[in-house]
Amino acid sequence: MSRLTMAEPTSNFSGSTVVKAMILAAGRGERMRPLTDSCPKPLLKVQGQALIDWHVDALARGGVTGLVINTAWLGEHISSHFGLWRKQHGREQLSFSYSHEGDDFGYALETAGGIARALPLLGDVFWLLAGDVFVPGFEFSPAAVSRFLASDKLAHLWLVPNPAHNPRGDFGLSPDGLALNLPLDDTAPRYTYSTIGLYRRELFDTLPFGNPQGRAVALAPLLRLAMDQHQVSAELYAGAWTDVGTPARLAELIDILPAARGGDSYGATHEKPRA
């Protein structure tokens, strides 16, 4: 039986720019082992708070009320975590829906495959971001949604300066705000995709709606094809951003950021589900 689950309906208001958001949380986190052997990577803590919680707080401040999270590795810990989180944080207005890829197929569906699987839970336009990046100052603003809705683009991406682990970057950026699929030999500057973007459902029209066969598909090829057709816009984000991909990067964050809350600097935030 499919494990596409919606906790409760989210209200839609006529004329509102409120959209849902999808947080990608299905990865195994191999490079983060042993920390991720018993804890999904998005639940590792920075400043006493799970990485994914920073996103949820920021999305709620931006007016998002419907969140979709895909899972595979230890997915039950994520849904259990947010069952407790909503009660503890008093954000009963937030609706959490889940696409449990591990339960449905036994494996993660990669980025585009996971998004396609979750499309029945999302609207025509939605925020997308990875659960394992730390970007505490980003604003998921309704104004950004309004600008995107008024455009004819299939996606709008936020790019960041290249970190040491990705020196060549991912995509170029034109003076008029188009994301560019630059040839390998092009010397124009490239920037790193932050994992944050606004997307239209149409970008995934080449995949079966709901991905019923569980195809594992990467997102980058779809984006590059759309860029070649001038259908992806982008902008640079200059705030703090970290891809928390290794224990060393997590440790650097802990060293840089003073603890703002009690508890350990990192570790599991979930309680094991009771039988």
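Give me the accessible area per residue for the stretch 104-159, probe 1.4 Å, as a whole number in Å².
Counting only protein heavy atoms, the per-residue value for the stretch 104-159 is 33 Å².
Would you mind counting up the charge near residue 207? Only other residues with Cβ under 15 Å from its Cβ, with Lys and Arg at +1 and Asp and Glu at -1.
0
Round to a whole number: what % of the accessible area of the stretch 30-144 belongs to carbon and sulfur, probe 1.4 Å?
Values: 1790 of 3710 Å².
Whole-percent figure for carbon plus sulfur exposure: 48.
Evaluate the charge dipole of the stretch 100-217 about its Cα centre and quote only its size in Debye, nearest 20, assuming +1 on the Cβ of each Lys and Arg and -1 on the Cβ of each Asp and Glu.
For this selection, approximately 140 debye.
For every other residue with a beta carbon closer than 11 angstrom to the beta carbon of residue 109, add +1 if it is Lys or Arg and -1 if Asp or Glu, then tell me the sum.
Surrounding charge for residue 109 is -1.
The values are calculated or read from the model by the stated rules, or taken from the named source; none is laboratory data. Note that the structure is predicted; figures quoted are calculated from it, not measured. Positions of Cβ are generated from backbone atoms using ideal geometry, with glycine treated the same way; all protein chains shown enter the neighbour counts. Only protein heavy atoms, including side chains, enter the accessible area calculation; ligands, DNA and RNA are left aside. Shrake-Rupley method; radii C 1.70, N 1.55, O 1.52, S 1.80 Å.
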